[in-house]
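Engineer: Structure in structure tokens, see below.
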Amino acid sequence: MPRKLWNIKGGNDISEFGAIMDECRKNCNYWFENSKVEFSRRQANVAAHTLAREAISLASPHVFDDVPFCISTLIFNEKV
Amino acid sequence: MKNIADNSHLYRTGNWGSIWKLKVLPKVKNLLWRICQGCLPTRARLLDKGVNCTSLCAMCDESYEDTSHVFFDCLRARIVWQQSLLLSKVISVMQKSSTTAEIIFTLLQELPQGQAEQFATLLWSVWKSRNLRVWENVTDTGQVIVEPAKQLLQNWNLVNCKKQISGAAGAAAAPHTTAIMTDSAAAVMTDSAATVALPVQCKWLKPHQERLKCNVDASFSEALNCVGFGLCIRDEYRNFIKAKTLWLIPICSSDVGEALGLYHAIQWVRELQLSNVDFELDAKKVVEY
């Protein structure tokens, strides 16, 4: 069972960052065969950014099986 | 305003539009406006206003420092115009004009757009270099003025053209995009100042064949003391597969937030029992860890 990392509070921020990243790497290697973590410019990450902003205004976690309204135009535009 | 006070004596004739329509940094336009209004604090102007200072040019220490000297007569300025291949044009316009403003307005009108932008940016650089000399005792050579000015203009154009392209792509997308563009514009500005300005990939790219891509991002709200996460999975045909939003209390640093975003993305993808997913974030520190 992975630790609930988000419960770690305060302390050294750098080690907190490192601890989360170590956990990410461990899980990623353990569960997935060759998943990569890649960098994109912000302009290429607008869908996730918009959702992250939307997240704060929602009362609870949401999973969307259909395109959420806030990114519908964007998803459409990024189809081409 | 006209009815309240007569300020007609403040009007200056000139093609002011030719300054404002230039595609250059706002600070450059501002400087041109100040030169043409005659309110740039050259030593001539300072003396005129009763400041106790020398009247000699800060660069050559030989002539009376008014705007026409600083920008067009001073040897330092001449070197700049020579190296930017504008000298013959500048001199021919100078011979026909009686004031600095007239020289500037005429050149802006007669030069092709690209050269006019360069000319304007160089005016700014000449004044900047003069100020560095006065206030920080730094002396530039002509070449040191011309190259950074070109770079300045190029970077600005790069950033602003990109703005238009991505702006058009996501035109109706969301009001937030404006803010994002501004951020990234700033990022590009610093990037390209160090390296040669290359066009950078700024559109979302589909995942590789038979793979999915999960885009991840975090947002932060001081007011709500929380960090929000957005996850969005799409396939190689750019089809939307699933998205997820969640948030956590308390707020954290942006590095930790982005790392937590990735952590949650990995957890979620695992729950969905997907095994062919790549993750994409705009946080360099996380990606390079």
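Engineer: Tell me, what HN-Hα J-couplings in whole Hz come from the Karplus equation 6.51 cos²θ - 1.76 cosθ + 1.60 at θ = phi - 60° for each residue of the range B:10-24, using x for Gly and Pro?
Structural biologist: Values, residue by residue: 8, 5, 10, 7, x, 8, 4, x, 5, 7, 5, 7, 4, 8, 9 Hz.
Engineer: May I pose another question? State to the nearest 20 debye the size of the charge dipole of the range B:204-288 about its Cα centre, where the only charges are +1 on K and R beta carbons and -1 on D and E beta carbons.
Structural biologist: Rounded to the nearest 20 debye, it is 240 debye.
Engineer: Which entries in the list B:LYS27/B:LYS150; A:LYS36/B:LYS244; A:LYS79/B:LYS21; A:LYS26/A:LYS79 go over 27 Å, if you measure between the two C-alpha atoms of each?
Structural biologist: A:LYS79/B:LYS21; A:LYS26/A:LYS79
Engineer: Using only Cα positions of the range B:204-288, each an equal point scatterer, no hydration layer, compute I(q)/I(0) via Debye at q = 0.13, 0.19, 0.23 Å⁻¹ and quote the log10 values to two decimals.
Structural biologist: Here log10 of I(q) over I(0) equals -0.41, -0.81, -1.08.
Engineer: Using the heavy atoms of the protein chains and a 1.4 angstrom probe, tell me the accessible area per residue for the range B:204-288 in square angstrom.
Structural biologist: In whole numbers, the range B:204-288 has 40 Å² accessible per residue.
Engineer: Still on this model: For B:LYS49, which aspartates and glutamates qualify as cross-link partners when the Cα separation must be under 17 Å and same-chain residues fewer than eight apart are set aside?
Structural biologist: Result set, ordered by chain and number: B:GLU65, B:ASP66.
Engineer: Sticking with this one: Hey, how many Å between the Cα centroid of the range B:35-102 and the Cα centroid of the range B:127-150?
Structural biologist: What the calculation gives is 15 Å, centre to centre.
Engineer: With θ set to phi - 60° and the Karplus curve 6.51 cos²θ - 1.76 cosθ + 1.60, what are the ³J(HN,Hα) couplings of the range B:80-90 in order, to the nearest whole Hz, using x for Gly and Pro?
Structural biologist: These are the phi-based 3J(HN,Hα) values: 4, 5, 5, 6, 9, 6, 10, 4, 5, 5, 4 Hz.
Engineer: Checking the a/c ratio against 1.5 first, then a/b against b/c, what shape does the Cα gyration tensor give for the range B:1-125?
Structural biologist: It is oblate, given that a/c is not under 1.5 and a/b is not larger than b/c.
Engineer: Starting from the 7 Å offset along Cα-to-Cβ, what nm value, one decimal, do you get for the label separation of A:GLU33 and B:LEU10?
Structural biologist: 7.4
Engineer: Which whole-Hz couplings ³J(HN,Hα) result when phi for each residue of the range B:98-114 is put into the Karplus expression 6.51 cos²θ - 1.76 cosθ + 1.60, θ = phi - 60°, listed in order with x for Gly and Pro?
Structural biologist: 9, 10, 4, 4, 5, 4, 5, 4, 5, 5, 4, 6, 8, 6, x, 3, x
Engineer: If you don't mind, there's one more thing I want to ask. List the aspartates and glutamates whose alpha-carbon lies under 17 Å from that of B:LYS29, not counting same-chain residues fewer than 8 positions away?
Structural biologist: Counting by Cα, and skipping residues close in sequence, B:LYS29 has these aspartates and glutamates nearby: B:GLU102, B:GLU117.
Engineer: Whose amide H sits under 5 Å from the amide H of B:ILE241, counting only residues 5 or more places off or on another chain, with H placed in the peptide plane?
Structural biologist: Amide H neighbours of B:ILE241, under 5 Å, 5+ apart: B:ILE233, B:ARG234, B:ASP235.
Engineer: Mind listing the long-range amide H neighbours of B:THR99? Cut-off is under 5 Å, sequence gap 5 or more, other chains count too, H placed in the peptide plane at 1.01 Å from N.
Structural biologist: Excluding prolines and chain starts, which carry no amide H, there are no hits.
Engineer: Just the number, please: carbon plus sulfur as a percent of the accessible area of the range B:204-288, 1.4 Å probe, no ligands or DNA/RNA counted.
Structural biologist: The C+S portion of the solvent-accessible surface of the range B:204-288 is 47 percent.
Engineer: Pop out the carbon and sulfur fraction of the accessible area of the range B:15-167 as a percent, whole number, probe 1.4 Å.
Structural biologist: C and S fraction of accessible area: 53 percent.
Engineer: While we're on this one: Where nothing but the Cβ of Lys and Arg (+1) and of Asp and Glu (-1) is charged, how large is the charge dipole of the range B:78-158 around its Cα centre, in debye to the nearest 20? Write down the numbers at each step before the final one.
Structural biologist: On the way: 7 positive and 6 negative charges, 30 e Å.
With Lys and Arg at +1 and Asp and Glu at -1, about 140 debye.
Engineer: Checking buried surface per residue: for the range A:16-31, which residues lose a minimum of 50 Å² accessible area in the protein assembly relative to the chain alone (1.4 Å probe)?
Structural biologist: Listed by number, the residues meeting the 50 Å² cut-off are A:PHE17, A:ILE20, A:MET21, A:CYS24, A:TRP31.
Engineer: Find the sum over both chains of the accessible area lost when A and B are paired, probe 1.4 Å, and report it in Å² to the nearest 100.
Structural biologist: About 6200 Å² of accessible surface is lost on pairing.
The values are calculated or read from the model by the stated rules, or taken from the named source; none is laboratory data. None of these values were measured; they are calculated from a predicted model. Please note: Cβ atoms are built from the backbone with ideal geometry, for glycine as well, and neighbour counts cover all protein chains shown. Accessible surface is based on the protein model in full, side chains and every heavy atom, while ligands, DNA and RNA are left aside. Shrake-Rupley method; radii C 1.70, N 1.55, O 1.52, S 1.80 Å.
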